[in-house]
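Written out below as structure tokens is the structure these notes cover.
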Amino acid sequence: MLILGLDPSTLNTGWGIISVSKTNDMSYVDGGVIKPKKDLTVDQRVLFIYKAVKDILKENNTTSDVASEAGFVGYRNFKTAMSLQAARTACMIAVMESGYTWNEIKPSEIKEAITGHGGASKSEVAEMVYITLGSPSNLIGVPDDVTDALGAAIAHVGNLALKMKYREALE
């Protein structure tokens with residue numbers, strides 16, 4: 001099973017794909033950053049992100065599920081919050097229009113799932129993502145946007161495993 005993780009932003013939207021075995025072993029497949037040109041308006045950036053996410057899903061049509069870092073609402077700058085919300089919406093529509101369910105996970109929940117504590121730093125998350133995915137050499141030095149997206153995918157795998165255990169317990 002392949003899981004696409006997303007970390008939406010109008011400047012740098014991170015994405016990462018992981019492969020999950022039947023025993024929940026995970027490995028890194030691919031990842032990158034969607035970078036609209038800085039001279040584009042916000043609406044042009046949103047369209048760029050939407051198209052890029054659609055392309056990623058099309059190129060990786062064996063993707064089973066999608067998980068995204070939920071938008072952080074604690075921004076003091078209203079313009080920044082609105083811009084992030086626009087990127088999130090572009091990703092959400094691209095995902096749902098492609099036939100997938102939109103799964104959001106709060107940043108603190110991703111950090112908790114990856115490192116064991118919800119207040120982990122970006123470097124702690126990156127290190128644990130690297131270890132969880134088997135320490136692949138092609139993951140060394142990737143931007144935080146990618147490791148954040150991979151973190152969302154890894155946390156989603158944990159959520160899916162819990163849901164399956166819950167269903168089994170009810171049967």
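Note down all Cβ pairs under 8 Å where the first residue falls in region 76-88 and is without any contact (Cβ under 8 Å) to a residue 40 or more places away in the chain, the second is surrounded by fewer than 15 Cβ atoms within 10 Å (Cβ to Cβ) and of a type outside the set (Phe, Trp, Tyr), and they're at least six residues apart or on different chains.
Cβ pairs passing all conditions: 81/73.
Pick from region 130-153 the residues that are β-branched (Val, Ile, Thr), part of a helix (DSSP H, G or I) and at pLDDT below 95: which of them is nearest to the chain's Cα centre (by Cα)? Walk me through it before giving the result.
First, the residues of region 130-153 that are β-branched (Val, Ile, Thr): 131-132, 140, 142, 146-147.
From what is left, the residues that are part of a helix (DSSP H, G or I) are 131-132, 146-147.
Right, trim to at pLDDT below 95 and you get 131-132.
Values: 131: 17, 132: 15 Å.
That would be 132.
Which of the numbered conditions does residue 163 fail, given that it passes all the others? Conditions: (1) modelled with pLDDT of 85 or more; (2) in a helix (DSSP H, G or I).
If we test residue 163 against (1) modelled with pLDDT of 85 or more; (2) in a helix (DSSP H, G or I), just (1) comes out false.
Do we have residue 120 as more than 29 Å from residue 51 (Cβ to Cβ) and open to solvent by less than 40 Å² (accessible area, probe 1.4 Å) here? Steps first, answer last, please.
On the way: more than 29 Å from residue 51 (Cβ to Cβ): yes; open to solvent by less than 40 Å² (accessible area, probe 1.4 Å): yes.
Yes.
I need the full set of residues from region 1-20 which are among the β-branched types (Val, Ile, Thr) and either under 12 Å from the mean Cα position of the chain (by Cα) or modelled with pLDDT of 95 or more (or both), in order please.
If we filter region 1-20 for residues that are among the β-branched types (Val, Ile, Thr), which is where we start, we get 3, 10, 13, 17-18, 20.
The answer is 3, 13, 17, 18.
Is it fair to say residue 80 is over 18 Å from residue 104 (Cα atoms) and modelled with pLDDT under 95?
Details: over 18 Å from residue 104 (Cα atoms): yes; modelled with pLDDT under 95: yes.
It is true that residue 80 is over 18 Å from residue 104 (Cα atoms) and modelled with pLDDT under 95.
Can residue 95 be described as at pLDDT below 90 and not hydroxyl-bearing (Ser, Thr, Tyr)?
On the way: at pLDDT below 90: no; not hydroxyl-bearing (Ser, Thr, Tyr): yes.
It is false that residue 95 is at pLDDT below 90 and not hydroxyl-bearing (Ser, Thr, Tyr).
I'm trying to understand the selection: among the residues of region 12-25, which are under 20 Å from residue 104 (Cβ atoms) and open to solvent by 20 Å² or more (accessible area, probe 1.4 Å)?
Our first condition is that a residue be under 20 Å from residue 104 (Cβ atoms); within region 12-25, this holds for 12-18, 20.
Passing the criteria: 12, 15.
Anything in region 89-123 that is within 18 Å of residue 148 (Cβ to Cβ), small (Gly, Ala, Ser) and free of Cβ contacts under 8 Å to residues at least 40 places away in the same chain? List them, or say none.
Answer for region 89-123, where residues must be within 18 Å of residue 148 (Cβ to Cβ), small (Gly, Ala, Ser) and free of Cβ contacts under 8 Å to residues at least 40 places away in the same chain: 108, 116, 118, 119, 120, 121, 123.
The values are calculated or read from the model by the stated rules, or taken from the named source; none is laboratory data. Predicted model only: the values in this text are computed from it and were never measured. A quick note on method: Cβ atoms are made from the backbone with ideal geometry, for glycine too, and the neighbour counts reach across all protein chains shown. Heavy atoms of the whole protein, side chains included, go into the accessibility calculation; ligands, DNA and RNA do not. Shrake-Rupley method; radii C 1.70, N 1.55, O 1.52, S 1.80 Å.
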